[in-house]
Amino acid sequence: MEPILTEQQIALWHSLIAAARHIVITCHRGPDGDAIGSATALSSWLQRHYPEADIHIIAPNIFPDFLKWIPEAEDILIYDKHEDEVNPIIEAADLVIMCDHGELKRMATLGDAIRPLLPSGGAPEGRTRCIMIDHHLDPEPGIADLVISHPDLSSTCEVLMRVMMETSPLSHREKLVGGAGLLTQSEATSLYTGMMTDTGAFTYASNRPEIFELISILLQYGIDKDKIYRNVFFTYSHNRMKLMGYMLYVKLDVWKKAHTSVMTFTNAERRRFGILNGDTEGLVNLPLQILGMKLSVFLREDTEHPCIRVSLRSVDDFPCNEMAAEFFGGGGHKNAAGGEVWGTMDDALALVKKAVQKYMPLLKEGDNK
Ligand code: 5GP
Ligand code: MN
């Protein structure tokens with residue numbers, strides 16, 4: 001496995017962490033398995049290596065119930081619920097480690113609270129240092145002292161595990177045999193969770209052999225990968241199952257010629273089915289099971305703001321991230337991206353039509369073969 005860190009980055013990693021006493025680990029708004037997995041694994045790993053450091057994980061807002069079983073997830077501070085208690089912790093931070101996002105904007109109000117601590121936000125150089133560990137495209141320039149950004153890797157958990165291995169003083173052999181304390185079973189569980197969720201249980205973004213080498217190491221730390229799968233994916237409420245039926249039977253619109261499907265979800269429907277935040281997770285993936293489908297679009301009314309959240313999923317080479325950036329002010333990965341439309345559902349649908357029209361040549365590619 002080729003290293004992902006340079007010697008310089010390894011030295012900077014060690015010096016930034018060794019100098020820190022008050023470490024804040026953050027993740028993006030609407031935390032997913034990769035965000036919570038990487039933050040919890042990193043927190044536990046740092047605490048073992050730097051027992052004197054004071055370490056907190058702060059998430060911008062709540063994360064879904066199906067991630068609550070993740071080791072140490074119960075210790076995560078939720079910024080938008082406990083702003084007053086969390087602000088002094090942020091103020092005291094001398095090192096911020098951002099996991100699974102490359103822009104302060106993706107932390108919403110937590111990003112606003114952190115920005116003034118950083119040189120890019122006007123703070124004196126060196127007051128609070130910042131490390132970014134991520135796999136999204138186009139990290140915000142200048143926010144971190146150390147940027148570890150690998151859009152080619154499956155997940156932040158994969159990036160993090162490789163960082164842990166490359167910065168560890170253990171021998172190559174010790175790292176491969178699951179011994180000598182490279183990871184604890186809990187850390188391995190967190191790391192596996194992020195790799196699994198960000199690849200749809202290894203059905204996309206996971207063709208590179210390295211990820212399976214890493215998983216083989218994680219298994220040696222005693223993770224129960226079958227249980228992790230059930231913990232994350234077999235947790236629907238009865239209502240959520242009914243919603244799935246409703247969405248597929250009533251709400252799924254298939255634009256056959258464009259190999260595209262569109263589903264919309266309103267707050268009225270959310271109330272009708274008693275659907276909590278996060279419970280729409282995964283619905284966007286379903287239409288891609290239809291033969292010939294290349295793009296799936298899911299539009300849902302935001303629960304807090306007058307806007308429509310857009311989720312895009314694709315197969316093969318269709319670039320969801322480019323469509324998201326061009327039409328929905330967002331971004332993401334090639335096969336999974338998102339953004340938003342500040343307007344009504346009709347506005348959002350009109351924009352989706354425009355976007356699909358623009359990408360029609362790519363969507364129809366191969367039709368005459
Ligand atoms: P989801 O559809 O699950 O909300 O998002 C899928 C992926 O798209 C996320 O993992 C993230 O990488 C990206 N994404 C979603 N919303 C945004 C956004 O507003 N801005 C950016 N830059 N990326 C987003
Ligand atoms: Mn991720």
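The values are calculated or read from the model by the stated rules, or taken from the named source; none is laboratory data. Keep in mind it's a predicted model, so treat the numbers as computed, not measured. Note that each Cβ is placed from the backbone with ideal geometry, even for glycine, and that neighbours are counted across all protein chains shown. Note: accessible area is taken over every heavy atom of the protein model, side chains too, but ligands, DNA and RNA are not part of it. Shrake-Rupley method; radii C 1.70, N 1.55, O 1.52, S 1.80 Å.
Laid out as a table, the results:
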item	result
Eligible lysines near Lys81 by straight Cα distance, threshold 22 Å, same-chain separation 8 or greater	Lys68, Lys105
Within straight-line cross-link reach of Lys353, lysines at Cα separation under 21 Å, skipping those fewer than 8 residues along the same chain	Lys251, Lys256, Lys257, Lys294, Lys334, Lys364
Probe 1.4 Å, accessible area per residue of the chain, Å²	46 Å²
Ratio Rg/Rh [Cα only; Rh per Kirkwood] for region 7-231	0.94
Dipole moment magnitude, nearest 20 debye, region 238-363 about Cα centre, only Lys, Arg, Asp, Glu C-beta charged	420 debye
Sequence of Trp255, Trp342 from largest to smallest accessible area, 1.4 Å probe	Trp342, Trp255
Most to least packed among 9-18, 329-338, 68-77 [average Cβ atoms within 10 Å]	329-338, 68-77, 9-18
Axial C-alpha extent at least 18 Å, average Kyte-Doolittle at least -0.5 - helices from the chain (DSSP)	33-49, 185-198, 345-358
Estimated [θ] at 222 nm from DSSP helical runs (n ≥ 4, -39500 (n - 2.57)) normalised by residues in the chain, nearest 500	-11000 deg cm²/dmol
For peptides 181-192, 260-271, 351-362, sequence by mean Cβ density within 10 Å, most packed first	181-192, 260-271, 351-362
Only Lys, Arg (+1) and Asp, Glu (-1) charged, at Cβ; the chain dipole about Cα centre in debye	1400 debye
Region 131-193 - Rg over Rh from alpha carbon coordinates, Kirkwood radius	1.03
Selection of trypsin sites (Lys or Arg not before Pro), region 118-171, meeting DSSP coil and at most 14 other Cβ within 10 Å	Arg127
Region 57-142 shape via C-alpha gyration tensor axes, a/c threshold 1.5	oblate
The chain - percent of accessible surface contributed by carbon and sulfur, probe 1.4 Å	53 percent
